[in-house]
Every structure is written in structure tokens, then in C-alpha cells.
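Enquirer: Sharing a structure with you now.
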Amino acid sequence: MSRCSNAKLTLKIGGRGALTSLVANAAQGCSRITYVGSFEAAQLPALMLDVDVYCALYYGSKPLHHYACPNKYYESLALAKPILMSRLVPQSVDVARDGTGW
């Protein structure tokens, strides 16, 4: 894995799923990766305090992702954070049009 030249760049990952072990292992091996694991919705605002960009990447092949992915768009708006979003999310058109992320 290559190193980023910006020492201030960090990655905070929350949630659970198929990549849990990979992410947890990466976090153990790198002080710049924080894995928070599963969390309750009420914890989200506190977790987002020091986040610069909200990431909502989903797989089009997973039916649950089609159902759940719009939530991230509304969370990013509520928390006033720009979002990095998959095109499968219907609101990705709004993100591009309104300049609220990528």
C-alpha cells in the first residue's frame, strides 16, 4: 500500500459488512485509519464532527443498497458535509447539479 504525502489525511470508517475484517485489519496497521464499526444513528453527529467529506459508496448489485443509499444523501445535508456518492443513488444527480459533493 502506498503512503499519502499529506500526513494530516486520515480515514474514518464506520459500519459493518463484507469488508469488516479488511477494514479492521487495515486500521490496526495504520494510525491514520480509524474503524468505528457498527454504531447507532444517534451517534452519527458526534462521529461526523471531524469529518471533511462524507462517503456513500454502494454496490448496484445489492438490493439493500438501493433502498438504504439515499439516507446518506440526507445525512450529508443535515450535517452540512460534502458527499462522495455512487451514481446508483438517485440523489447523485442533485449532488452533481448543486455542487454538494462528487
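Enquirer: So, in segment 1-56, of the ones that are hydrophobic (A, V, I, L, M, F, W, C) and touching a Cys at 6+ places or on another chain (Cβ under 9 Å), which residue ends up modelled with the lowest pLDDT? Don't jump to the end; show me each part of the working.
Expert: Narrowing segment 1-56 to residues hydrophobic (A, V, I, L, M, F, W, C): 1, 4, 7, 9, 11, 13, 18-19, 22-24, 26-27, 30, 33, 36, 39, 41-42, 44, 46-49, 51, 53, 55-56.
Cutting the leftovers down to touching a Cys at 6+ places or on another chain (Cβ under 9 Å) gives us 1, 11, 13, 56.
Numbers: M1: 48, L11: 88, I13: 88, A56: 80.
Restricting to residues being hydrophobic (A, V, I, L, M, F, W, C) and touching a Cys at 6+ places or on another chain (Cβ under 9 Å), the top hit is M1.
Enquirer: Shifting gears a bit: Assuming R97 fulfils every condition listed in (1) surrounded by 14 or more Cβ atoms within 10 Å (Cβ to Cβ); (2) farther than 17 Å from G17 by Cβ; (3) not small (G, A, S) apart from one, which condition is it?
Expert: It fails just one condition, (1).
Enquirer: Of the numbered conditions (1) open to solvent by 90 Å² or more (accessible area, probe 1.4 Å); (2) at pLDDT 80 or above; (3) farther than 21 Å from V93 by Cβ, Y74 fails exactly one; give the number of that condition.
Expert: Checking Y74 against (1) open to solvent by 90 Å² or more (accessible area, probe 1.4 Å); (2) at pLDDT 80 or above; (3) farther than 21 Å from V93 by Cβ, the one that fails is (3).
Enquirer: Regarding Y67, is this residue in contact with a His (Cβ under 9 Å, 6 or more places away or on another chain) and open to solvent by 70 Å² or more (accessible area, probe 1.4 Å)?
Expert: On the way: in contact with a His (Cβ under 9 Å, 6 or more places away or on another chain): no; open to solvent by 70 Å² or more (accessible area, probe 1.4 Å): yes.
So Y67 fails the test.
Enquirer: Name the single residue that is farthest from G99 (Cα to Cα) among those in segment 5-44 being touching a Leu at 6+ places or on another chain (Cβ under 8 Å) and open to solvent by 70 Å² or more (accessible area, probe 1.4 Å).
Expert: Once the filter is applied, the top-ranked residue is F39.
Enquirer: Sticking with this one: Output the qualifying pairs, or none if there are none: Cβ atoms under 9 angstrom, residues six or more apart or on different chains, first residue in segment 45-61 and in contact (Cβ under 8 Å) with a residue 24 or more places away in the chain, second residue aromatic (F, W, Y).
Expert: Filtered contacts from segment 45-61: L47/F39; M48/Y54; V53/W102; A56/Y73.
Enquirer: Ok, one more. Take residues that are of a type in the set (S, T, N, Q) and tell me which of the helices (runs of 4 or more DSSP H) falling wholly in segment 18-102 contain 3 or more.
Expert: Details: elements: 20-28, 44-47, 63-68, 70-78, 92-98.
Hits in segment 18-102: 20-28.
The values are calculated or read from the model by the stated rules, or taken from the named source; none is laboratory data. Not measured: the values here are computed from a predicted model. Here Cβ is always computed from backbone atoms with ideal geometry, including for glycine, and neighbour counts include all displayed protein chains. Please note that ligands, DNA and RNA were not included when accessible areas were found on the heavy atoms of the full protein model with its side chains. Shrake-Rupley method; radii C 1.70, N 1.55, O 1.52, S 1.80 Å.
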